[in-house]
Amino acid sequence: AGVPVETDEETGENDRSATGFLPPEDFEKAADRFFAHPEESYSGWERAIDAQARIARAVFYILDRHDPAIPIAFVGHGGVGTLLKCRMTGTAIARSADQLPGGGNLFAFRLADRAVTCDWTPMEIWQG
């Protein structure tokens with residue numbers, strides 16, 4: 001599409017290197033705990049509150065320097081989006097704020113005031 005792509009390591013997933021790969025069932029249980037106890041580390045994982053602060057700081061830094069008249073998309077994993085959406089809506093970190101199962105979801109916000117304008121929506125049906 002000719003759109004420039006930039007990456008920022010500060011917007012990555014929470015650091016889970018302490019446990020390495022977890023089978024899906026174990027990962028879901030760990031993610032439940034990560035979101036349920038955001039001020040605690042699950043088995044050495046980065047705490048949800050720390051990941052949220054890091055992600056929001058990076059996204060807001062980018063937005064502060066971005067022309068709000070030009071659309072921008074942030075693409076990442078669901079956990080990153082969930083932590084960012086909770087911060088942007090002023091709600092507590094919670095698994096209930098996570099994206100819908102299956103991935104490929106988005107939420108949108110206005111650039112002018114950063115107000116969230118839609119909850120998680122499968123990309124296939126989003127009408128923007």
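FYI, it's all coordinate maths here, none of it is from the lab. Keep in mind that what you see is a predicted model, and the values were worked out from it rather than measured. Reconstructed Cβ throughout: ideal geometry from the backbone, glycine too, with neighbour counts over all protein chains shown.
Note the listed values (i) 15.0, 43; (ii) 34.8, 121; (iii) 16.0, 55, then indicate which one is Rg and Dmax of the Cα atoms in Å calculated from this particular structure.
(i)
Select from A53, A73, A92 the residue whose mean-square fluctuation is largest in a Gaussian network model of the chain (Cα-Cα springs shorter than 10 Å).
Fluctuation is largest for A73.
Counting other Cβ atoms within 10 Å, keep those with at most 14, restrict to DSSP loop, and tell me which chymotrypsin sites (Phe, Trp or Tyr not before Pro) in region 1-72 are left.
Sparse-neighbourhood loop chymotrypsin sites (Phe, Trp or Tyr not before Pro): F21.
Output the DSSP H helices from the chain with an along-axis C-alpha extent of no less than 20 Å and a mean Kyte-Doolittle hydropathy no less than -0.5.
Within the chain the helices that satisfy the rule are 48-64.
Please give me, ordered by residue number, the GluC sites (Glu not before Pro) of region 21-59 that lie in loop per DSSP and have at most 12 other Cβ atoms within 10 Å. If you can, show how the numbers build up before the last one.
Numbers: sites: E25, E28, E39, E40, E46; in loops: E39, E40, E46.
In loop regions of region 21-59 (DSSP not H, G, I, E or B), the sparsely surrounded GluC sites (Glu not before Pro) are E39, E40.
Give me the net charge of L106's neighbourhood, meaning all other residues with Cβ under 13 Å from the Cβ of L106; Lys, Arg count +1, Asp, Glu -1.
Numbers: positive: K85; negative: D119, E124.
Neighbourhood net charge equals -1.
As a check on your grasp of the helix formula, calculate [θ] at 222 nm for the chain: sum -39500 (n - 2.57) over DSSP H runs of n ≥ 4, divide by the residue count, round to the nearest 500.
The per-residue figure over the chain is -10500 deg cm²/dmol.
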